[in-house]
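The values are calculated or read from the model by the stated rules, or taken from the named source; none is laboratory data. Just so you know, these numbers come straight off a predicted model, no measurement behind them. Note that we place each Cβ from the backbone using ideal geometry, even for glycine, and neighbour counts take in every protein chain shown.
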Amino acid sequence: MHSSLWLWLCFMVLLLWGVLGVLQKLAMKYISAETALLWAAAGFVVLQPLLWPSKSILNFPALSLGWAMLNGVFNGLGLFSLMAAMHRGGKASIVEPLSALYPVFVVLLAPILLHESIRPVHGVGIACAVISGMLLSVETSPTR
């Protein structure tokens, strides 16, 4: 069976971000979301020498660099929001899967901003994701 590199990379995302959810909750026991965000940024800096592009930053289109910078801002704000949710009592088992529904917004925005088409089966998947988000956000009282 032949599988593409992108599929294996997606599985790496699942594995790494799955572990990340537990690490974030462990960090939130002892430090604030603001402090955790700074340490997460430090983690990115540690990776930078391994990931630095082989060509000069001046060789990239300015618009692409602008989009990448905006990506970093949104990523940082999202990560801060996630950590703040956990720091303020959110359970990792609820916060992580609920926040992992962000691709629903990608699917809704992609046809408008990227001119990508969505098939009916994708619409069904989006509906299932929205329903799962609603179920995850329901507060229930503990049973005895």
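Name the residue, out of L82, L70, that is in contact with a Ser or Thr (Cβ under 6 Å, 6 or more places away or on another chain), under 29 Å from S137 (Cβ atoms) and surrounded by 10 or more Cβ atoms within 10 Å (Cβ to Cβ). Break it down into steps so the answer makes sense when it comes.
Working: L70 fails: in contact with a Ser or Thr (Cβ under 6 Å, 6 or more places away or on another chain).
Residue meeting the stated conditions: L82.
If you take just the helices (runs of 4 or more DSSP H) that sit entirely in segment 1-120, which of them hold at least 3 residues that are closer than 23 Å to L135 by Cβ and not basic (K, R)?
Filter on segment 1-120 gives 5-28, 62-87, 92-99, 103-109.
Determine if segment 60-70 includes at least one residue that is in contact with a helix residue (DSSP H, G or I) (Cβ under 7 Å, 6 or more places away or on another chain) and at pLDDT 85 or above.
no
Among the residues in segment 85-105, are any of a type in the set (K, R) and closer than 22 Å to L136 by Cα?
Yes, some residue in segment 85-105 is of a type in the set (K, R) and closer than 22 Å to L136 by Cα.
Would you point out which residue out of L79, L51 is closer than 29 Å to L113 by Cα, touching a residue at least 12 places away in the same chain (Cβ under 8 Å) and not small (G, A, S)?
That would be L79, the only listed residue that is closer than 29 Å to L113 by Cα, touching a residue at least 12 places away in the same chain (Cβ under 8 Å) and not small (G, A, S).
So, S117, is that one surrounded by fewer than 10 Cβ atoms within 10 Å (Cβ to Cβ), modelled with pLDDT of 85 or more and touching a helix residue (DSSP H, G or I) at 6+ places or on another chain (Cβ under 9 Å) or not?
yes
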